[in-house]
1. Among M1, P21, S98, which residue has its Cα furthest toward the positive end of the charge dipole of the range 1-139, with +1 on Lys/Arg Cβ and -1 on Asp/Glu Cβ?
2. How big is the gap, in Å, between the Cα center of the range 24-53 and the Cα center of the range 62-89?
3. Take the Cβ-Cβ distance between E23 and S90 as r, set R0 to 41 Å, and report the resulting FRET efficiency rounded to the nearest 0.05.
4. Using 0.36 nm per residue, how much length does the chain from K143 to E64 gain when fully extended, once their Cα-Cα distance is taken away?
5. Place +1 on the Cβ of every Lys and Arg and -1 on the Cβ of every Asp and Glu in the range 3-137, take the dipole about the Cα centre, and give the residue among Y136, S47, G123 whose Cα lies farthest towards its positive end.
6. Would you work out the charge dipole size for the range 3-137 about its Cα centre, treating the Cβ of every Lys and Arg as +1 and the Cβ of every Asp and Glu as -1, and quote it to the nearest 20 debye?
7. Where does each of 128-134, 4-10 land if you order them by average Cβ count within 10 Å, highest first?
8. So if the hydrodynamic radius of the range 76-135 is defined as the Kirkwood radius over C-alpha pairs, what does Stokes-Einstein give as its diffusion coefficient at 4 °C and 1.567 mPa s, in µm² per second?
Amino acid sequence: MSALESANKIKTKFGDLVAEPTEFRGEITLKISDAEKIFDVCRFAKSIGFDYLVDICSVDNYGEDPRWTVVYHLRATVNGTEIRIKTDVSEEKSELPSILPVWRTANWHEREIYDLMGIGFSGHPDLRRILMWEGYPYHPLRKDFPLAGKPTDLPGVAFTKVTPMEGGPFVTVPSSSDSIAREPRVRVPENAERAISDKRLIDGKLK
């Protein structure tokens, strides 16, 4: 069964809950209108051959409502076909059902989204932070979280400072000629001479 045939089978099963499959560059996507039904759709997708959950990712549509889109990437290992299932989550609700009972690999994916985006997964047996420490008050992948970070002072847990934007990995100059010139630290005077020396060394080795 092709990816499109599988997507149409899911569409037939759930009717108006599922939008017509869309195709972009050979990839098939289904959009689920009710996030509360994502468990049922995923369980059915597994029953028709999509036995591998490749990934779950989240998109912050900051300034729009619903704010978030959660995307499930599924694969049938028997024939290698893949489909993508998407659903929207409002900021007011900010939660959808866990699909861990369908694919155990959802465990860490859901914890990462919870940690970094702040979307909850009802029914997850161990929904706790996976990268940031417990008690950290922010969700760093949200678009309203500044690139430089936010200072946090949690006694007995950790302390972080704002990243200096002139020297971190965030600010580059896309119009510059090469990767060394784009390096943010080059624009800090005390680092410029060393960067030029490094560039000469690299150029000499390439010749």
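Just so it is clear, none of the values below were taken in a lab; they were calculated from the coordinates. These numbers come from a predicted model, not from an experiment. For neighbour counting, all protein chains shown are included, and Cβ atoms are generated from backbone atoms with ideal geometry for every residue, glycine included.
1. In the range 1-139, that residue is M1.
2. Their Cα centres are 7 Å away from one another.
3. Details: r = 27 Å, r/R0 = 0.67.
Once the sixth-power term is evaluated, E becomes 0.90.
4. Values: separation 79, 0.36 × 79 = 28.44 nm, distance 1.18 nm.
Between K143 and E64, full extension yields 27.3 nm more.
5. Farthest towards the positive end: S47.
6. Details: 17 positive and 23 negative charges, 103 e Å.
Approximately 500 debye in magnitude.
7. On the way: 128-134: 12.6, 4-10: 18.0.
Ranking the peptides 128-134, 4-10 by packing returns 4-10, 128-134.
8. Reported coefficient: 101 µm²/s.
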